[in-house]
Structures are given as C-alpha cells and as structure tokens.
Amino acid sequence: MSSERHDMPSVVICVATHRRPLGLARLVKGLATLEFTKCSPRSVAIVVVDNDPGKSAEATCKALEGTTRFPLEYVSEPRRGIPFARNAAVYSARRLGAELLAFIDDDEVPEPGWLDHLLLVMHDTGAGVVTGPVLPAFEADVPEWIRRGRFFDRERHDTGTFQDRAVTGNVLLRTALLDDMPAPFDERKPLSGGTDTHLFRKLITDGHRIVWADEAIVHEFNPSTRLTGSWLVRRAYRVSSNWSSTERELEPGMRVGARRFAKALFRIGQGVALFPVGLVAGRHVLVRAGQFVATGAGFIAGMTGHELQEYRVTLGG
C-alpha cells in the first residue's frame, strides 16, 4: 500500500439504530475520534436512522449534536425492519451527495484509523467495496466456556484479499454501485436479517469486487443476553439460513443446491458425532456441536425459503 495522503470523495457514515441509546451514544462519540492520516475525504457526515416508531433515538442525537466533529443528521424510519432503516440511510446519503457510504452498527465502536484504512484500501485497489474486521468486546463477564470455545472470534485476512461477502457492521462502498437499485436492501425480509449478505453477494455476481482491509478495525459490544448457548446456536441457524436463502435466489440450479444440501448433511453429521465428545470435554464442545447441527439445519431451511425472524427483539442498551 502507498504511503502518501490521498484525496478521496465525500463519505456519509450510515447507522441504523433501534432502542439502543447507550450504544448509539458510545458509537457517535467513537466516530468523533476518527483520524485521517492516509486519506483526505472531501467531507464526512453521519446519518442516524431511527427504526423505532417512538423516535427513541431523537433525544440522543440532539444531545450529541454539539459533541461531534461531523454533521449529524437524524432520520426517522417507522417501518420496523433493518432493510427499511438501511435503505433510508442510503436515500439520505444520496440526498447529501455522498459518493461513498460507510456502514457501522449501533453496538460497535471504531478505532480512530477505521475509516482512513477503508479509504486507503479502496484507493489503492480500486475496489467497489471494502470491508474489515469486527473484534468482540463484552458488556458483562464472559463465562470461561465461551472463552475456551472462542465463539465470538471472526476470521481475519491479509489486507487486499478478495472476499465473497461483507456485512454492514464494517464496510465502505461506492454509492454508484447502488444507482440501479431503488431499494438496495431487500425489504421482503424485514426481520430475518441477512439483507446485507444478499446485497453484497448480488454486487459480486454483478462483477464488483470486495476487498479486505485488516487495519480497519471496529469493536462490537456484546450484551450478557448473547452469552448463552441458546443464542449462539440460534445465531448459527440464522446466519446459515440467510446465506443459503441468498445463494438459492442468486445462484439457482441443481448443482448449487446439491452442494449446499451435501454441506448441510455434513455439518449435521459433524455435530451429532461431536455431542458425545462434549459430554466429556465440556460445555464449549457441546455448544459447538449444537452450532454444527443448527448450521446444517439452517442451510436446509434457507433452501426451502424458511428464515429465523431474529430481529423482532433488539438486544443491548
């Protein structure tokens, strides 16, 4: 990667929120620490889309207006569902003239160089989409079995590595990629999640590249409600069903379906075989076995059009 400082287009940072006033305040304060030593964006602004019909985030945003380095725009989207909120953010960013969109979640905080590194990798690679690592943080004491199982660890890659997916927890993309999409995030699945997976997989099938920026780090704060075996197993089911459903829609055909079904059976078999080991090795292995079975079941569910509506309830403050 080059070492000079580069001029870059305007950026709007998009945040969808639902009844997380503490998390939202923590995020906006974190955005105020952003540093630009490698790239100089023409402008930076923040759009917060409140997905609570009661407008619970409005007071938080007003209280934060004087503390931010960047203009902050509050938008109310009363239709309940993540894709409605994300699309409202895209519409607002377009109205503000943003050439680049950065997405980050309301339970996350970026490191100061987060956006700078995303911009640098986009400049140096010419990619349409750049994504980076989401590292776990916790709002409560973490049980030892969760630490042993490393359930919240995610894969990391060398900067510049091509990716087959991205999520809105840490991503930068060119607004022009969405010009032909009136509603980029699929509004048919408002509460099941995975609409970001769907969008970025579609961009790949359209010929666009997703590139990894390993220095563009954000930290995700996990509440105590996520530190349970049932949440981890349910999450594995949701993620795999979302992925399988997306693949079914964007890559239809017997060959892809057969491959996904075979992988589902393998995961289920892997989980069943691991259960007896878990009875001896401990809870972390039992939960991992449950995740394998849930992943396989989720693959099959997604192939048949069934997805878990996980976002009926928002966790965390």
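The values are calculated or read from the model by the stated rules, or taken from the named source; none is laboratory data. This structure is a prediction, so every number in the text was calculated from the model and none was measured. No Cβ is skipped: glycine too gets one built from the backbone with ideal geometry, and neighbour counts run over all protein chains shown. To get the accessible areas, we keep the full protein, side chains included, count just its heavy atoms, and leave off ligands, DNA and RNA. Shrake-Rupley method; radii C 1.70, N 1.55, O 1.52, S 1.80 Å.
Remarks
- Counted residue by residue at 0.36 nm each, then reduced by the alpha carbon distance between them, the extension gain from Val280 to Leu22 reaches 88.8 nm.
- Coarse-grained scattering of the range 136-182 at q = 0.18, 0.22, 0.24, 0.27 Å⁻¹, given as base-10 log I(q)/I(0) from a Debye sum over alpha-carbon atoms: -0.81, -0.96, -1.03, -1.14
- Exposed GluC sites (Glu not before Pro) absent - longest run of the chain, DSSP non-H/G/I/E/B, at most 11 other C-beta within 10 Å: 156-317
- Averaged per residue, the chain has 44 square angstrom of accessible surface, using a 1.4 angstrom probe with ligands and nucleic acids left out.
- Spin-label model, Lys263 to Thr304: label points 7 Å out along the Cα-to-beta-carbon direction sit 2.0 nm apart.
- Solution diffusion estimate, µm²/s, Stokes-Einstein, the range 1-45, Kirkwood Rh from C-alpha pairs, 20 °C, viscosity 1.002 mPa s: 172 µm²/s
- D (Stokes-Einstein, µm²/s), Kirkwood Cα radius, the range 83-122, 1.306 mPa s at 10 °C: 136 µm²/s
- Simple label model, 7 Å out from Cα along Cβ direction - Thr205 to Gln270, nm: 2.5 nm
- Summarising the strand pairing of the chain, around 30 percent of its internal DSSP beta bridges are antiparallel.
- Accessible-area composition of the chain, carbon plus sulfur, in percent [1.4 Å probe]: 55 percent
- For the range 177-242, the square roots of the Cα gyration tensor eigenvalues, ordered a ≥ b ≥ c, give a/c of at least 1.5 with a/b no greater than b/c, which places it in the oblate category.
- With contributions of -39500 (n - 2.57) from each DSSP H run of at least four residues, the per-residue ellipticity at 222 nm computed over the chain stands at -13500 deg cm²/dmol.
- The range 272-309 and the range 72-95 have their alpha-carbon centroids 35 Å apart.
- Angstrom value of the Kirkwood radius, inverse mean 1/r, which spans all Cα pairs in the range 189-317: 16.2 Å
- Of the options (1) 32, 23, 20; (2) 28, 22, 20; (3) 35, 25, 18, only one is semi-axes √(5λ) of the Cα gyration tensor in Å as computed from these coordinates, and that is (1).
- Over all other residues within a Cβ to Cβ distance under 12 Å of Arg69, the charged ones net out to -1, with Lys and Arg as +1 and Asp and Glu as -1.
- Gyration tensor (alpha-carbon) shape descriptor, the range 101-259, a/c threshold 1.5: oblate
- Pairwise label distance in nanometres, Val142 with Ser10, each label 7 Å out on the Cα-Cβ vector: 4.0 nm
- Stokes-Einstein diffusion for the range 10-120 at 20 °C, viscosity 1.002 mPa s, with a Kirkwood radius from C-alpha pairs, works out to 155 µm²/s.
- Residues Ser76 and Thr37, FRET efficiency given R0 of 30 Å [Cβ-Cβ distance, rounded to 0.05]: 0.25
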